[in-house]
Each structure stands twice: as structure tokens, then as C-alpha cells.
Amino acid sequence: MTFELLATEGVKNPGLWYPTLLGILVVVSAVILFCGSAYLLLSTNLGAKLGFLVAAGALSGFMMLLSVLWMTTASPLNTLKGRVPEWKAVEAVGPDLARSNVPIVAEINADTPQVDATEATNVKAAADAVLVTKVALPGEELEEGVNEFALFDDSTRYLVTETYEVGGGGRTEIEFDGSLPFLHVSFHAPKYAVVTVCPVLDQPVPFGDPIPTPTCDPAEPVSHVVFERDLGSLRVPPLVVFVSSTILFGLSLLGLHWRERDLFEAEAAAAAEADAAKAPAVKEPEPEPANA
């Protein structure tokens, strides 16, 4: 009985070894083996300080170039990424869409054009993710608010009849918040999608008859779910790496420049001392005796 309970509970921390501990070990081993071996070779030929500056400059410059490629090309699957663009549910409205808290959504009427079939399918996928009630598996805990907009137990119990998209376009917006990096700069106006949802009419199907096409139940009211387009932060990690690598690369070059300047000043001072030592001593004239 005890073993059955343990099996149903599962591993409490399934990600402790992979990717947490294993990721830390891989990063530490890579730094020690690759960066440490390069620094060891440079330090034996150039000295500890100069070898460190050369190794740091080469590594930060290489990371800067890689981050530029990371930002401008398709990211591999295993690289660190930010949030992907997606539709996020922000509001559930009843039959009267004019009661929406979003002013541009409240202005939607029968004359507002609907989106094409392809975009409607994308929005419906986001609607299915929030309209269906999620049930926790044994040993699993659901996040708080995961069923905030859930209205149905099954995706076959409702139909999405209308899909609208409003807003979007260019606009510069700068706001301060409490999260990093404290300053949020947006060049896009918020874009919203609205779906009209109706419960499916229960139609008994006699044995052997074809399944009828699902239709809305006229006795049940329709609902509207409002989504806001989250543009995500897919390229933020490579941007952070680029800025950090650029700063470290500049500091490494500045350290090399200061060291070279100190060497030139030391050589100039040594040359001046050598010239002063080689110059013949100038004999000062003896003072004339005073007249008695």
C-alpha cells in the first residue's frame, strides 16, 4: 500500500537534477575546461594579468558576435528564450459586449468586420485553452487562477461563432513598473481579439443515425471572451547577452589600453633616466675672488 501511494505521488521535484543541478554542473565544467585552459596557456606566455585581459577580451568579443547572430537568426530549440507571442485572456463579458472594460472592445458592433478563417483558428486555439476547465492530475497542483475564464467541461460543449480583432498599430508608450528592468517601452498599441461563445444544443442521436452538425442552443445566452495580444520577449535574452558582452568587451579593451599606456610611460621614463645618465656633467665656473 505504501509503495502504491508513493507511485501515485510521483517525484516531488522532478526538475531538481535535470535541468537544475545538471545545468549548473555543465556550465561550471565548461567554464573551467574551456575558459580556464585558454587562460592557463595565455598566462604562461603573457603573464597572469595580461593573459587574463586577453582571454576576457576574446571571450566577451566572441559572445558579442554570437549574440548578434542569436538576435538576427532563428534561435535553436535549446537556447534560452523569452515569452513567445500569444493571446492572453483578460476579460469575460456576457451577452452585451458594450459592458466591456476595454473601450475599443466595447465599440464592436454588427458592422465590425470579422477575421479570416486562418486567424480565427489561431484565436480559437487560445479560447479552447482557457474556456475548458482544467482538472489536476494525482499529485499535481493547479496554478492559481488557471480556471478563471473556464465556462465548460469539454471543448465539444460550445461553439465559437464570431471572432473580431481590434486595436494594434504603432504607438510609443513608456511606463515605469516594479519589475525588471523597471522601464517598459512599447512601440505597439494593444491589440485585442474577441470571440463569441455559445453553448451547444443537446441533440439526441438515434442509434445508427449520423451525428448532426452542432448548433447553438437558443435558450442559452452567448458569452464573449476578450484576449489581448502579448508580443512576448523572445529576443530579450540575446539582447541582454549582447549588452553585457559589449560592456565586458569594452572594459577588457580599456584595461589593455591602460596597461599599454603604463608601459609606454615607464619606457619613456627609463629612456629619460638613461639619457640623463649618459649626458656629460657640466662643470660650473669657479667664482672670482673678491677684490681686496
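The values are calculated or read from the model by the stated rules, or taken from the named source; none is laboratory data. Since we're looking at a predicted model, the values are computed, not measured. Glycine gets a Cβ as well: all are built from the backbone with ideal geometry, and neighbour counts include every protein chain shown. Surface areas here come from the heavy atoms of the whole protein model, side chains and all, with no ligands, DNA or RNA. Shrake-Rupley method; radii C 1.70, N 1.55, O 1.52, S 1.80 Å.
Couple of notes before you dig in:
- Residues in region 207-240 that are farther than 30 Å from residue 95 by Cα and of a type in the set (Lys, Arg): 235 alone.
- Of all residues making up region 12-31, the number that are surrounded by 11 or more Cβ atoms within 10 Å (Cβ to Cβ) and among the β-branched types (Val, Ile, Thr): 3
- Matching residues in region 43-84 - criterion: being closer than 30 Å to residue 194 by Cα and surrounded by 11 or more Cβ atoms within 10 Å (Cβ to Cβ): 81, 82, 83
- Within region 218-241, residues that are at positive phi sit with their Cβ atoms under 7 Å from residues that are in a loop (DSSP other than H, G, I, E, B), at 6+ positions apart or across chains, in these pairs: 232/82; 232/83; 232/84; 232/85.
- For region 102-132, the tally of residues that are part of a loop (DSSP other than H, G, I, E, B), aliphatic (A, V, I, L, M) and exposed (fewer than 13 other Cβ atoms within 10 Å of the Cβ) stands at 1.
- Positions within region 192-229 being touching a Pro at 6+ places or on another chain (Cβ under 8 Å) and in a loop (DSSP other than H, G, I, E, B), in sequence order: 201, 203, 205, 217, 220, 221, 222
- Pair list, Cβ < 6 Å and 6+ apart or interchain, from region 105-131 residues that are in contact (Cβ under 8 Å) with a residue 12 or more places away in the chain and farther than 15 Å from residue 155 by Cβ to residues that are open to solvent by 50 Å² or more (accessible area, probe 1.4 Å) and assigned to a helix (DSSP H, G or I): none
- All conditions in (1) at pLDDT 90 or above; (2) more than 30 Å from residue 150 (Cα to Cα) hold for residue 227, with the sole exception of (2).
- Hey, residue 102 among the hydrophobic types (A, V, I, L, M, F, W, C), out of contact with any His (no Cβ under 8 Å at 6 or more places or on another chain), over 14 Å from residue 161 (Cα atoms) and without any contact (Cβ under 8 Å) to a residue 12 or more places away in the chain or not: no
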